[in-house]
Amino acid sequence: MDERKSVFKRGAEFGLPMGLYMATISLCSIFADRVPPLSWVVIVLLVAGPWVVWRMQRRYYIEDGYNSEYATLWMLGILTIIYGALITGLITWATLQWVRPGYIYEVTQNFVDLYSTMPEFKDNELLQVMQRAIDTGALPSPIEMVTSTFWLVTFSGCLMSAITAAFAKLRN
């Protein structure tokens, strides 16, 4: 007889493919400045993200014999996102640390250069702050960027999972 898998174990199992999925988004966005079509990959994967989480929640719901509570499916989504974000964070950090160590500087400098040419942004305070951060070496490190992104992904994934969990239970 098959035993019911705990939501925590299933969340960890789903975390690996979710981590690879989100790492693909991260890596494509990091390299989109060098390979512009990767921007489209990022957009498609971001739009499909809620569907991917819904499929995982729905799969668990079916495996559980249509007995899962809404809170269980929501927790599954949260855990899947958290475990996936940990994997993504490690891959993104390694990429920013060793493959593209100047990425944060390049993006910030490109932003300042682009918006400095626009008359309406000439005296913008944000541009001045960003230029000062470049000049003083106060740009965030790769681990700071990854940590901030981890919390953003976790929070937004929690909200998204609340919505997709409701749809995972809709039909039997």
Item to complete: Take residue 109 and decide whether it is of a type in the set (S, T, N, Q), part of a helix (DSSP H, G or I) and at pLDDT below 95.
Response: no
Worksheet item: Does region 37-50 include one or more residues that are closer than 21 Å to residue 160 by Cβ, at pLDDT 95 or above and among the aromatic types (Phe, Trp, Tyr)?
Response: no
Discussion item. Take residue 149 and tell me if it is surrounded by 15 or more Cβ atoms within 10 Å (Cβ to Cβ) and either of a type in the set (Lys, Arg) or touching a Leu at 6+ places or on another chain (Cβ under 7 Å) (or both).
Written reply: no
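Conditions tested, residue by residue: (1) assigned to a loop (DSSP other than H, G, I, E, B); (2) crowded, with 17+ Cβ neighbours inside 10 Å.
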| residue | (1), (2) |
| --- | --- |
| 68 | yes, yes |
| 83 | no, yes |
| 95 | no, yes |
| 113 | no, no |
| 144 | no, no |
Worksheet item: If you go through region 115-136 one residue at a time, do you hit one that is part of a loop (DSSP other than H, G, I, E, B), open to solvent by 40 Å² or more (accessible area, probe 1.4 Å), of a type in the set (S, T, N, Q) and without any contact (Cβ under 8 Å) to a residue 24 or more places away in the chain?
Response: yes
Item to complete: Kindly list, by first and then second residue, each pair from a residue in region 2-21 that is surrounded by fewer than 13 Cβ atoms within 10 Å (Cβ to Cβ) to a residue that is assigned to a helix (DSSP H, G or I) and modelled with pLDDT of 95 or more, limited to pairs with Cβ atoms under 7 Å and residues at least 6 apart or on different chains.
Response: 8/79
Worksheet item: Taking residue 57 and the conditions (1) open to solvent by 70 Å² or more (accessible area, probe 1.4 Å); (2) among the polar types (S, T, N, Q); (3) touching a Ser or Thr at 6+ places or on another chain (Cβ under 8 Å), which numbered condition does it fall short on, given that it satisfies the others?
Response: (1)
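The values are calculated or read from the model by the stated rules, or taken from the named source; none is laboratory data. Please read all numbers here as calculations on a predicted model, not as lab measurements. All Cβ positions, glycine included, derive from the backbone under ideal geometry; neighbour counts span all protein chains shown. For the accessible areas, the whole protein counts, side chains as well, though only heavy atoms, and no ligand, DNA or RNA atoms are used. Shrake-Rupley method; radii C 1.70, N 1.55, O 1.52, S 1.80 Å.
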